[in-house]
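Participant: Below are the structure tokens for one structure; questions will follow.
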Amino acid sequence: MLTDEERQAVEKEVEDCECPQSASVEALQALQRIRGWISDEAIRDVAPFVGMSPEELDGVATFYSFVFRKPVGRHLIFLCDSLTCYIMGHENILEHINKRLGIGMGETTSDKRFTLLPVSCMGLCDHAPAMMIDEDLYSDLDSVKIDEILEKYP
Amino acid sequence: MERPLTEHLRVDGRPLGIEEYEKAGGYEGLRKALLQMTPTEVQEEVKASNLRGRGGAGFPTGLKWSACPVGSDLRRPRYAISNSDEMEPGTFKDRLLMQANPHQLLEGLIICGYAIDAEIGYLFLRWAYMGSAKSLTTAVREAYEKGYLGRNILGSKFTMDIKMHTSAGRYICGEETALLNALEGIRAIPRSRPPFPAQCGLWGRPTVVNNAETLSNVPHIIRNGAAWYKSLSPSSDAGTKIYGVSGRVKKPGLWELPMGPTIRELLEAYAEGMQDGYRLRGIIPGGASTDFLTEAHLDVKMDFDSMQKAGSRLGTGTMIILDDKTCPVGLVLNLERFFARESCGWCTPCREGLPWIVKILEAIERGEGEPEDLDVLAWQSQALGPGKTYCVHAPGAVEPLQSALKDFREDFEQHIREKKCPWKTKHG
């Protein structure tokens, strides 16, 4: 069941659109901003608002990398793994985060503080390697910088 | 040297506000189009300017617009869409234009709307580009307040609204027919063509989808004329282009230049050459889905025709430099993993073929490759080439693969012969 706040968030996305279905991705993102992720139940709850069957909506939800169909941590680390970052040392950065947080790609720390996810090129190639944590961009990364950055996210 | 797209950018990197933009001649192109020109005249001007699509394909923009049907009995609404879903690996040009000069893009989109008689515009944004979304949201609000959007724009009969759509992150959404499905809210797989979007696009209505950099050029073409635009460039392609260099160079970055600087000029004069201790081995000229070029091509011009003659494509014009301390097999594996992950899964060759390529490359990189693997990879780059799949995702994916098999043959063979990646031992 959606709470009043959640229903309003979903309805607001639908209102702004030309037809309810065209708001499907944005409605899911609106609910995700409140809940952190999209459960099977959430798919069933949102589907009628966008005029789709739960199955159709799930087809959309599972298509996108930014719709999370599993619970994630409090903070999301999106580490760019595209070619310029690869050339500029992505693998060392990844290894450092793996060791430091004890998680691999797609995993969440046991205290639910961080989830580590790959992201395709974020357009920061002139300052590679790059990553995004929640909504903050970080570039020209090295292991010292990463340690300092992670401290900012309790 | 004139740099219409970037000359008025603020030095502090903040977005240009509407008043600053107007002071720099902003919205004069729109005023001229709406009050002095017919939609057909606008189309003709853009056609005469020889503006070609900056998203990678290089299709003539005016021609794309003129494919929209005209007449009084048209189905409505019609749509003009800015493809702002920049996600081509190694490409970072639209981010600059959208974030730092949002009104320029908006003005281009409104002029495009007028030229094709569209009353609704969409800005298709990428979720990871939050700075661009913020700057464009403000710009849209300012444009409504000043009467550049909404009913009877600048006192003319033309009415247009702009809506924003934030995608949730898939490379294929940059393919224009997948983008249309994404906007309709269904699974964003590409559509069969024909019919082309100009006849049957968003919800079956005539629709034009243009890249953000392409649209950013339009206000200047209308304001200053097609002849002026052509005079900006010494090459056969008109106007200026945002070029970029990334990788192990001294000064990676973006520069707006007349169409057609040589690779050498970009690499040496603008990016200031390779970092100390690194040697140039290869060049991917325009984003992940373009063929490798090598040192032998340093004097090739970065314009659509010259790049094609050299066996690659201009693509997005943002080149990535492969150095001698990066394993070419590892780099190609990185590229193919990206394409395999981003395949929409709709057609079989792409869905099955790309992961197959990844598996072979992984084996070679681990030291478990067989000599026949190279033949299989060569066959794959034919089997996934143009015309074999539903859209150009897989053909784009095999462009760097087929050229790497030629340009870095010896490196592939060495991996297989020595049963290891030479770079892993040599460079830690």
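Participant: What pairs can you find where one residue is in segment A:63-78 and within 12 Å of chain B (Cβ to nearest Cβ), the other is open to solvent by 20 Å² or more (accessible area, probe 1.4 Å) and hydrophobic (A, V, I, L, M, F, W, C), and their Cβ atoms are less than 6 Å apart, with a gap of 6+ or different chains?
Facilitator: Between residues of segment A:63-78 that are within 12 Å of chain B (Cβ to nearest Cβ) and residues that are open to solvent by 20 Å² or more (accessible area, probe 1.4 Å) and hydrophobic (A, V, I, L, M, F, W, C), the close pairs are A:68/A:37; A:78/A:117.
Participant: Kindly indicate which of A:87, A:103, A:146 is surrounded by fewer than 23 Cβ atoms within 10 Å (Cβ to Cβ) and in contact with a strand residue (DSSP E or B) (Cβ under 6 Å, 6 or more places away or on another chain).
Facilitator: Checking each option against the conditions leaves just A:103.
Participant: Tell me which residues, restricted to segment B:105-123, are over 17 Å from the mean Cα position of the chain (by Cα) and open to solvent by less than 10 Å² (accessible area, probe 1.4 Å).
Facilitator: If the condition is that a residue be over 17 Å from the mean Cα position of the chain (by Cα) and open to solvent by less than 10 Å² (accessible area, probe 1.4 Å), then B:106, B:107, B:110, B:111, B:112, B:113, B:115, B:116, B:118, B:121 are the ones that fit.
Participant: Picking from A:3, A:115, A:108, which residue would you name as being open to solvent by less than 20 Å² (accessible area, probe 1.4 Å), more than 10 Å from every other protein chain (Cβ to nearest Cβ) and polar (S, T, N, Q)?
Facilitator: Going through A:3, A:115, A:108 in turn, just one is open to solvent by less than 20 Å² (accessible area, probe 1.4 Å), more than 10 Å from every other protein chain (Cβ to nearest Cβ) and polar (S, T, N, Q): A:115.
Participant: Can you confirm whether segment B:146-161 contains a residue that is closer than 18 Å to residue B:179 by Cα, open to solvent by 40 Å² or more (accessible area, probe 1.4 Å) and within 13 Å of another protein chain (Cβ to nearest Cβ)?
Facilitator: There is no residue in segment B:146-161 that is closer than 18 Å to residue B:179 by Cα, open to solvent by 40 Å² or more (accessible area, probe 1.4 Å) and within 13 Å of another protein chain (Cβ to nearest Cβ).
Participant: Could you give me the residue pairs with C-beta distances under 8 Å whose first residue belongs to segment A:31-47 and is open to solvent by 70 Å² or more (accessible area, probe 1.4 Å), whose second residue is assigned to a loop (DSSP other than H, G, I, E, B) wherever it lies, and which are 6+ apart or on separate chains?
Facilitator: A:37/A:68; A:37/A:69; A:37/A:70; A:37/A:71; A:37/A:72
Participant: Would you mind finding the one in B:202, B:183 that is within 14 Å of chain A (Cβ to nearest Cβ), in contact with a His (Cβ under 9 Å, 6 or more places away or on another chain) and closer than 26 Å to residue A:29 by Cα?
Facilitator: B:183
Participant: Working only within segment A:15-30, note down all residues that are assigned to a helix (DSSP H, G or I), open to solvent by less than 50 Å² (accessible area, probe 1.4 Å) and at the interface with chain B (Cβ under 10 Å from one of its Cβ atoms).
Facilitator: A:21, A:22, A:23, A:24, A:25, A:26, A:27, A:28, A:29
Participant: Next question. Hey, could you check segment B:59-82 for residues that are assigned to a strand (DSSP E or B) and in contact with a helix residue (DSSP H, G or I) (Cβ under 6 Å, 6 or more places away or on another chain) and say which is surrounded by the fewest Cβ atoms within 10 Å (Cβ to Cβ)?
Facilitator: Ranking the qualifying residues of segment B:59-82, first place goes to B:79.
Participant: On the basis of being away from chain A (no Cβ under 14 Å) and crowded, with 21+ Cβ neighbours inside 10 Å, does residue B:102 make the cut?
Facilitator: Yes.
Participant: Further question: Quickly run through segment B:173-186 and pick out the residues that are surrounded by fewer than 20 Cβ atoms within 10 Å (Cβ to Cβ) and outside any helix (DSSP H, G or I).
Facilitator: B:186
Participant: Identify all residues within segment B:322-345 that are of a type in the set (Asp, Glu) and open to solvent by 10 Å² or more (accessible area, probe 1.4 Å); write none if there are none.
Facilitator: If the condition is that a residue be of a type in the set (Asp, Glu) and open to solvent by 10 Å² or more (accessible area, probe 1.4 Å), then B:324 is the only one that fits.
Participant: Scan segment B:142-172 residue by residue and report those that are part of a loop (DSSP other than H, G, I, E, B), more than 23 Å from residue B:104 (Cα to Cα) and hydrophobic (A, V, I, L, M, F, W, C).
Facilitator: If the condition is that a residue be part of a loop (DSSP other than H, G, I, E, B), more than 23 Å from residue B:104 (Cα to Cα) and hydrophobic (A, V, I, L, M, F, W, C), then B:168 is the only one that fits.
Participant: Only one of these is in contact with a helix residue (DSSP H, G or I) (Cβ under 7 Å, 6 or more places away or on another chain), open to solvent by 40 Å² or more (accessible area, probe 1.4 Å), more than 21 Å from residue B:422 (Cβ to Cβ) and not basic (Lys, Arg): B:355, B:371. Name it.
Facilitator: Every option except B:355 fails the conditions.
Participant: Given the options B:126, B:170, B:141, name the one that is within 30 Å of residue A:32 (Cα to Cα), free of Cβ contacts under 8 Å to residues at least 60 places away in the same chain and crowded, with 18+ Cβ neighbours inside 10 Å.
Facilitator: Matching residue, one of B:126, B:170, B:141: B:126.
The values are calculated or read from the model by the stated rules, or taken from the named source; none is laboratory data. Not measured: the values here are computed from a predicted model. Backbone-built Cβ (ideal geometry, glycine too); neighbour counts: all protein chains shown. Surface areas here come from the heavy atoms of the whole protein model, side chains and all, with no ligands, DNA or RNA. Shrake-Rupley method; radii C 1.70, N 1.55, O 1.52, S 1.80 Å.
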